[in-house]
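Working notes, beginning with the structure itself.
The values are calculated or read from the model by the stated rules, or taken from the named source; none is laboratory data. Computed from a predicted model, the values in this text were never measured in an experiment. Please note: Cβ atoms are built from the backbone with ideal geometry, for glycine as well, and neighbour counts cover all protein chains shown.
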Amino acid sequence: DAHLISFKGDGQILLSSQLSESDAVALGVGREMRLRQIDPETEKRLAIHRMETLQEHDR
């Protein structure tokens, strides 16, 4: 996991500024994407992933 993509608590996708628009298109992801349902356990894991993503890109 390169921590270039994560999700907000409401399911909205977060794309790293290090992910170019052309790479996002090649991966088939866009800023309008979101997860439809998030159960409490998944939200906990996403919160951890978001923190790791922020830490990874703050180095």
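Results, tabulated for the structure shown:
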| read-out | value |
| --- | --- |
| Residues located in the range 1-31, provided they are within 12 Å of the chain's Cα centre (by Cα) and of a type in the set (Asp, Glu) | Asp1, Asp10 |
| Check on Glu52, touching a residue at least 40 places away in the same chain (Cβ under 8 Å) and of a type outside the set (Lys, Arg) | yes |
| Residue in the range 47-56 that is acidic (Asp, Glu) and modelled with pLDDT of 90 or more present | no |
| Selection within the range 12-28 - in a loop (DSSP other than H, G, I, E, B) and either β-branched (Val, Ile, Thr) or surrounded by 10 or more Cβ atoms within 10 Å (Cβ to Cβ) (or both) | Ser16, Gln18, Leu19, Ser20 |
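Rundown of residues vs (1) in a helix (DSSP H, G or I); (2) surrounded by 15 or more Cβ atoms within 10 Å (Cβ to Cβ), yes/no style:
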{"residue": "Ala2", "(1), (2)": "no, no"}
{"residue": "Ser6", "(1), (2)": "no, yes"}
{"residue": "Asp10", "(1), (2)": "no, no"}
{"residue": "Gly30", "(1), (2)": "no, no"}
{"residue": "Arg36", "(1), (2)": "no, no"}
{"residue": "Arg45", "(1), (2)": "yes, no"}
{"residue": "Arg50", "(1), (2)": "yes, yes"}
